[in-house]
Amino acid sequence: MIRLYDFDLSGNCYKARLLLAILGVEYERRNVDFFPGLKHREPEFLAVNPLGQLPVLEDGDLRLAQSQAILVYVARKYDPSGRWYPLDSPEIAGQVQQWLGFAEGLTATASAARLADGMGFDFDAEAARDGAHKLFAVMDEHLWFQERQGQDWLAPGAAPTVADIACFPYVMLSEEGGISRETYPAIRRWTDRVKRIPGFVVMPGIFPAVLGSQ
Amino acid sequence: MADPLPDPFMLNQWFPISALQDVHDRPRRTTLLGEPLVYFRDGSGCRVTGADGRALPVLEQYACLWTTLGRPEGGLFPIPEYDEPDRRNIAAGSIGVNVSAMRGIENFLDMGHFPYVHTGILGELPHTEVKEYNVELREGGREIVATECLFYQPRASTVSTSGADVEYVYRVPHPTCSVLYKSSPMDTRRLDVIALFGQPTGPESFRGHMVLSILDDVNADDFISYFQLHIFGQDKPILENQMPKRLPLDPRAETPIRADKTSIMYRRWLASNGVTYGVIPAAA
């Protein structure tokens, strides 16, 4: 069975759990005590990923780190429809990839602010918040124009893609880092759409579209 | 707005500033009541220094490092269970929350949110009723105690295998600390202890140190910590979206229901002790 080296409160780990759940793929969760134990810095986990980063996915002989890479692999391997990682149109494939890169920026900003405020990590929370607001403004504008063209998702097309899964967690958890989404209405509508994708699951800090339903 | 000075009742308390397991040789920084502190461990134990470099008093108790900026009368409130040899004492994590520590304590005392916020663990729809319970002052008015709190919980603890009506006892022996006792699935005659020790970093922010003293001979520490963090992680967005971020003490400021008896007593108790820090005092 697939094994996911996982930490419950990690948005990057949640990305992998979210796509696996939506696709109905069974997997085993291996808890790595990132906080408060800092076990990701210890030899046992460094043997799995020398970079000391979560998540890591193991499937047969494959061992894969980096949450965006895991999304790409899981979509290509377990989504026969191909719509979660669409490759037919070069234009769409490029845009999906662009938003996967954008998600790395969210990790460097919104996630860093959350780790600083919530778990006492020694990051510059103010700089991280400023960076996150710049990204949120870009994303909000993009989603607003998408909506004007009848598009619900980050990349063009009728269905959500790995781009939406990659960007969702640290947008949705941003308030834990002191980043309000009050002034980003198109982002708020988009997060609500993500929560209504069939098979959607929550993590601590993220509630279902209907409270008490999960 | 300049940060307010702590009132005498708050100033003269011991406060937790770290789990003991997180205190190392290398100094770390934190904040207590707006004052930046440094703490570290040397040959003789834990040390804490204040903003001007002065050495502050230190207690190492209940898996935490405690200090004070004032002159407390005596030591910490007792938790006798902590010394029972067959219990697992675990510091499950210290989480920063952008809301007043009193809001955090009040949320800890509330059972009404279980089915909605901790769905499938501490509560479940349609079991939303908070049954009648008792709340009183004890220890000469130094402590609030709520008893006979019964709630249906699908998965009350790490060793639960099925849902059950779980009995809770809450103690509030300190303005930003609460100790919760709940039926142990391992031994019906004994209670698990779950404490939330609040470190008010500012009037609208705190670090919650979660400490457990429980009967669990099955699970590893990291799973027990995982369970607590999972629950606290669910509370966090609810807490951080509360407005105002300080706890209003005027009884007319927020409308309580019968299930909020403990909270009503807590707010009254803070007011009667002259607390102004982290709260919005009632108009005179």
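The values are calculated or read from the model by the stated rules, or taken from the named source; none is laboratory data. On a predicted model such as this, the values are computed, not experimentally measured, just so you know. Virtual Cβ from ideal backbone geometry, glycine too; neighbours counted across all protein chains shown. All accessible areas refer to the heavy atoms of the entire protein, side chains included, with ligands and DNA or RNA removed. Shrake-Rupley method; radii C 1.70, N 1.55, O 1.52, S 1.80 Å.
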Charge tally for neighbours of residue B:197 with beta carbon under 14 Å away, counting Lys, Arg as +1 and Asp, Glu as -1, is 0
Given Cβ charges of +1 for Lys and Arg and -1 for Asp and Glu, the option among A:14, A:67, A:92 whose Cα lies farthest towards the positive end of the dipole of the protein assembly as shown is A:92
Computed for segment B:27-83: size of charge dipole around the Cα centre, +1 on C-beta of each Lys and Arg, -1 on C-beta of each Asp and Glu, debye to nearest 20, value 300 debye
For the protein assembly as shown, the dipole about the Cα centre with charges only on Cβ (Lys and Arg +1, Asp and Glu -1), to the nearest 20 debye, works out at 500 debye
Quick shape check on segment B:112-249: root eigenvalues a ≥ b ≥ c of the Cα gyration tensor, a/c under 1.5 is rounded, otherwise prolate if a/b tops b/c, else oblate, and it reads rounded
Computed curve, the protein assembly as shown, Cα-only Debye sum without solvent term, log₁₀ I(q)/I(0) at 0.05, 0.06, 0.11 Å⁻¹, is -0.20, -0.29, -0.98
Here segment B:263-276 yields Karplus 3J(HN,Hα) values (6.51, -1.76, 1.60; θ = phi - 60°; whole Hz; Gly and Pro given as x) of 5, 4, 5, 4, 4, 5, 5, 4, 5, 5, 8, x, 6, 10
In segment A:68-214 the accessible area split gives carbon plus sulfur, as whole percent at 1.4 Å, a share of 54 percent
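Buried accessible area for the A:B pair, summed, 1.4 Å probe, in Å² rounded to 100?
Chains A and B together bury approximately 1900 Å².
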The alpha-carbon center of segment B:1-76 and that of segment B:156-204 are separated, in whole Å, by 24 Å
Placing each pseudo-label 7 Å from Cα in the direction of the beta carbon, residue A:213 and residue B:258 end up separated by a distance in nanometres of 3.1 nm
A student applying the Cα gyration tensor rule (rounded when a/c is under 1.5; otherwise prolate if a/b is larger than b/c, oblate if not) would label segment B:189-284 prolate
For A:132-140, A:24-32, ranked highest to lowest by mean beta-carbon neighbours within 10 Å, the order is A:132-140, A:24-32
Note on segment B:78-280: contact order normalised by length, alpha-carbon pairs under 8 Å, 6 or more apart, percent, works out to 28 percent
Among B:162, B:128, B:23, the residue whose Cα sits farthest towards the positive end of the charge dipole of chain B, when +1 is placed on the Cβ of each Lys and Arg and -1 on the Cβ of each Asp and Glu, is B:23
For A:92-99, B:98-105, ranked highest to lowest by mean beta-carbon neighbours within 10 Å, the order is B:98-105, A:92-99
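Per residue, how much accessible surface does the protein assembly as shown expose to a 1.4 Å probe? Answer in Å², no decimals.
43 Å²
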Once both label points are put 7 Å beyond Cα along the C-beta direction, the residue A:63-residue A:97 separation in nm becomes 2.8 nm
Between the alpha carbon centres of segment A:163-203 and segment A:69-121 the gap in Å comes to 13 Å
Scoring only Lys, Arg, Asp and Glu (+1, +1, -1, -1) among other residues with Cβ under 11 Å from the Cβ of residue B:58 yields +1
Each label sits 7 Å from Cα toward the beta-carbon; between residue B:162 and residue A:196 the label points are separated, in nm, by 3.9 nm
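By its C-alpha gyration tensor, with a ≥ b ≥ c as the square roots of the eigenvalues, how is segment A:90-195 shaped: rounded for a/c under 1.5, else prolate for a/b larger than b/c, else oblate?
Prolate is the answer for segment A:90-195, as a/c is 1.5 or above and a/b outweighs b/c.
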The relative contact order of chain A, taking Cα pairs under 8 Å that sit 6 or more residues apart, comes to a percentage of 22 percent
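Summarise the partner chain shielding of B:225-234 as one whole number: the mean count of Cβ atoms from other chains within 10 Å of each residue's Cβ.
Per-residue shielding by partner chains comes out at 5.
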The alpha-carbon center of segment A:1-66 and that of segment B:90-110 are separated, in whole Å, by 28 Å
Hits in segment B:119-136: amide N under 19 Å from the 7 Å Cα→Cβ extension of residue B:150, namely B:122-136
Phi-derived 3J(HN,Hα) across segment A:169-181 with the Karplus relation (6.51, -1.76, 1.60, θ = phi - 60°), rounded Hz, x for Gly and Pro, is x, 6, 5, 5, 8, 4, 4, 5, x, x, 10, 6, 9
Over 25 Å (Cα to Cα) among A:195/B:261; A:15/B:236; A:77/A:195; A:15/A:39; A:39/B:182 -> A:195/B:261; A:39/B:182
Taking R0 as 45 Å and r as the Cβ-Cβ distance between residue A:1 and residue B:280, the FRET efficiency 1/(1 + (r/R0)^6), rounded to the nearest 0.05, comes to 0.25
